[in-house]
Amino acid sequence: MDKIKKNDMVYVLAGRDRGKTGKVFRVMPRKDRALVEGINYIKKHARRNKQDQQGGIVQKESSIHLSNLALYCKGCGKPARVGINVLADGTRSRFCKRCKEAI
């Protein structure tokens with residue numbers, strides 16, 4: 001089970017945007033990377049085409065490695081380490097190791 005999933009709030013642990021929080025909108029498990037709204041912006045040169053008549057320099061989010069992200073616990077209000085519980089019916093759920101609250 002993945003510890004960080006789509007639509008999770010995450011806290012950035014390392015890099016240029018250290019200390020910021022954002023919402024995950026794409027996870028790439030094979031590359032161990034994620035795209036987070038408002039985090040790790042890059043500037044990319046875009047060519048004019050039929051859809052985008054403007055072209056020029058475009059600012060967009062770049063992926064960030066999962067090791068540089070921590071799940072943000074709403075119960076604690078802090079970044080949290082994540083544990084996994086196996087329930088009686090065989091399903092698995094994530095929980096915050098600090099406050100033991102289910103995420």
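Read-outs throughout are calculated quantities, based only on the coordinates presented, and are distinct from any laboratory measurement. Because the structure is a prediction, the values reported are computed rather than measured. Glycine also receives a Cβ, built like all others from the backbone with ideal geometry; neighbour counts cover every protein chain displayed.
R0 = 30 Å: FRET efficiency of Arg30 with Lys97, Cβ-based, nearest 0.05?
In this case the efficiency is close to 0.70.
Excluding residues fewer than 8 places away in the same chain, name every one of the aspartates and glutamates whose C-alpha is closer than 15 Å to that of Lys20.
Of all the aspartates and glutamates, those that pass the test against Lys20 - Cα under 15 Å, at least 8 places apart if same chain - are Asp8, Glu37, Glu61.
For the stretch 51-91, what is the per residue volume of the convex hull drawn over the alpha-carbon atoms, in cubic angstrom?
Normalising the Cα hull of the stretch 51-91 by residue number yields 201 Å³.
In the structure shown, do any of Lys43/Lys74; Lys5/Lys74; Lys3/Lys23; Lys6/Lys50 have a Cα-Cα gap over 24 Å, and if so which?
Lys43/Lys74; Lys6/Lys50
Give the Rg/Rh ratio for the chain, taking Rg as the radius of gyration of the Cα atoms and Rh as the Kirkwood radius, to two decimals.
When Rh is taken as the Kirkwood radius, the ratio is 1.11.
Placing unit charges on C-beta atoms (Lys and Arg positive, Asp and Glu negative, everything else neutral), compute the dipole magnitude of the chain about its Cα centre in debye, rounded to 20.
260 debye
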